[in-house]
Structure formats: C-alpha cells, structure tokens
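The structure appears below as structure tokens.
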Amino acid sequence: MIFIGFIDVNFFKEVIIKGKDNAKIEWNGGQQSIFFSKIQVGYGFKHFIICPICGQNRAKLYLEGNLFICIDCCSVKPYNGIQNTTKGGDAYIGYKMERFATRCGIGKFEYPFDYLKHPKPKGKHSEKWNRNLKIMQSLESMRFQSIFFKKIWKSRTIKSVETGKNKYIQHISLNELKRYFFPFDNGV
Ligand SMILES: [Zn+2]
C-alpha cells in the first residue's frame, strides 16, 4: 500500500458539533461519504468514524486504493513515515509537523493542531514559544489546504514556514493563522 493519507475524527469536530452524522470528503481522484458514531462516556460523548468495510468505530481511517478504511481492513499496514508520501502533500506536512513538535518541545499533539492546547510551559522563552506555535499553526493550515483543496506545497514554501521566515508567520497573529487560510507561497 502506498500511504497517501488518513483522516482523523478530530478533523470533523466542527461538523460533528453541529449535529451532523455524516460528511462528504473529496481528494485527488476520489470521494467518499463518511459516517460518524458516538459512544457515551461519563457525561459526554466520544466520537468515531465508522469503517465502511467492517462497520467498527474508529478514530482514524487510512486511504487504501480509492477508499478510506480502518487499519484492520487495510491489506498492508499503513506506513507512518515520510516514504511513499506525496512530497508537499498532507501526509508530508503532517510528518514535518510531528518532527518539528518533537524538536522544539511542543511534543505530542492532536490533529488538527490548535495552539490554544499548548500554553507556554514554565521556563520557556515566550517569544520563542509563540514563534514555534505560529510555525505549527501555519503548517496545520497548509496540511488542511492539502487535504481539502488538493494543494501540493513547494519545498521552498515549506522551508520558509518551518524556519519561521515566512512573511505570514512574522506578520499574522496566531488566532488569524488558525482561522483563515493564507497563501503561504506569497510569503516566501
Ligand atoms: Zn474496518
């Protein structure tokens, strides 16, 4: 299997909050209706995506062939590294995010990345922390644009964002980076 991408129930939080139990997703070469389920946990609910093959509740589905299915239904286990991914595509950006988060001390995070979930730990330099969050939030925006608009990013754009040199990182607030899509190619 060539690992092109995966979807995570967290990507659909806003749709689920509105009470919808399904969503239509489109990507390069295909489309699929996905269905959500929920299980009561204490006073709240835990949400899942239903695997179209086995019908089990899953947090993530992986693209195999032309269908997003669960890991148990994949004929080969998805490979979570950078090999076999489209350079500049969503999985590639996700890989970059995970690497950057580890390197700069943000550590583990949930998709979609949200800077509000990562307050500055004691002892960290606040300007530096803020810059690292902006890099992560910008990469998240790029990843999202790759998933939903099939955008493939140029290496130099990714590099300018990863190093914090992109104009949008320098001039746009964290809140705006989270809320709006910016054409990061123009900020190189
Ligand atoms: Zn399955």
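Just so you know, all these numbers are worked out from the coordinates, no wet-lab data involved. Remember, it's a predicted structure, so these values are computed and weren't measured experimentally. Neighbour counts run over all protein chains shown; Cβ positions are idealised from the backbone, glycine included.
Compared with the dominant Cα axis of the chain, that is its longest principal axis, helix 90-104 is turned about 50°.
Debye-formula intensities of the stretch 90-187, expressed as log10 I(q)/I(0) at q = 0.23 Å⁻¹, are -1.29 (one equal scatterer per alpha-carbon, no solvent).
The slack between Lys24 and Leu67, meaning 0.36 nm per residue of separation minus the straight C-alpha distance, is 14.2 nm. When peptides 164-172, 99-107 are ranked by their average number of other Cβ atoms within 10 Å per residue, the highest-first order is 164-172, 99-107.
With 30 Å as the limit, write out which pairs from Lys13/Lys96; Lys38/Lys165; Lys20/Lys167; Lys60/Lys87; Lys108/Lys178 have Cα-Cα distances beyond it, or answer none. Before the final figure, lay out the partial values.
On the way: Lys13/Lys96 23 Å; Lys38/Lys165 42 Å; Lys20/Lys167 37 Å; Lys60/Lys87 22 Å; Lys108/Lys178 18 Å.
Checking Cα-Cα distances, Lys38/Lys165; Lys20/Lys167 exceed 30 Å.
All other residues whose Cβ lies under 15 angstrom from that of Gly19 are scored, Lys and Arg at +1 and Asp and Glu at -1, for a net of +2. Our coupling estimate for the stretch 115-120, obtained by passing each phi through the Karplus curve with A = 6.51, B = -1.76, C = 1.60 and θ = phi - 60°, is 4, 5, 7, 10, x, 5 Hz, Gly and Pro reported as x. The Lys120 and Asp8 beta-carbon pair, evaluated with R₀ = 25 Å, returns a calculated FRET efficiency of approximately 0.45. Considering only Ile93, Ile53, Ile39, the mean-square fluctuation computed in a Gaussian network model of the chain, springs between alpha carbons under 10 angstrom, is largest for Ile39.
If R0 is 35 Å, what FRET efficiency do you get for Arg103 and Ser33 from their C-beta distance, rounded to 0.05? Walk me through the intermediate numbers first.
Working: r = 38 Å, r/R0 = 1.09.
For R0 = 35 Å, the calculated efficiency reads 0.40.
In the chain, the ratio of gyration radius to Kirkwood radius, Rg to Rh, stands at 0.98 when only Cα atoms are counted.
Taking Cα pairs under 8 Å and at least six residues apart, what relative contact order does the chain come out at, in percent? The partial results should precede the final answer.
On the way: 269 pairs, mean separation 35.5, N = 188.
That works out to 19 percent.
In a simple Cβ point-charge model (Lys, Arg +1; Asp, Glu -1; nothing else charged), the chain has a dipole of about 720 debye relative to its Cα centre.
Working from label points 7 Å from Cα in the Cα-to-Cβ sense, the Glu127 to Arg179 distance is 2.7 nm.
Largest first and in whole Å, give the semi-axes of the stretch 6-69's equivalent ellipsoid, each being the square root of 5 times a Cα gyration tensor eigenvalue. Intermediate results must be reported in sequence, preceding the final value.
On the way: eigenvalues 92, 33, 15 Å².
With the √(5λ) rule applied to the stretch 6-69, the semi-axes are 21, 13, 9 Å.
Rounded to the nearest whole Hz, the Karplus-based 3J(HN,Hα) values (6.51 cos²θ - 1.76 cosθ + 1.60, θ = phi - 60°) of the stretch 132-143 follow the sequence 5, 5, 5, 4, 5, 5, 5, 4, 4, 4, 5, 4, with x at glycine and proline.
The helix-only estimate of mean residue ellipticity at 222 nm for the chain, built from DSSP H runs of length n ≥ 4 each weighted as -39500 (n - 2.57), is -10000 deg cm²/dmol after division by the residue total. Charges were assigned to the Cβ only: +1 to each Lys and Arg, -1 to each Asp and Glu. The resulting dipole of the stretch 6-69 about its Cα centre is roughly 220 debye. Comparing Glu64, Glu14, Glu98 in a Gaussian network model of the chain (Cα springs below 10 Å), the most mobile by mean-square fluctuation is Glu14. In sequence order, the stretch 25-41 has phi-based couplings of 10, 10, 8, 4, x, x, 8, 7, 8, 10, 10, 9, 10, 9, 10, 6, 10 Hz under the Karplus curve 6.51 cos²θ - 1.76 cosθ + 1.60, θ = phi - 60°, and Gly or Pro positions carry x.
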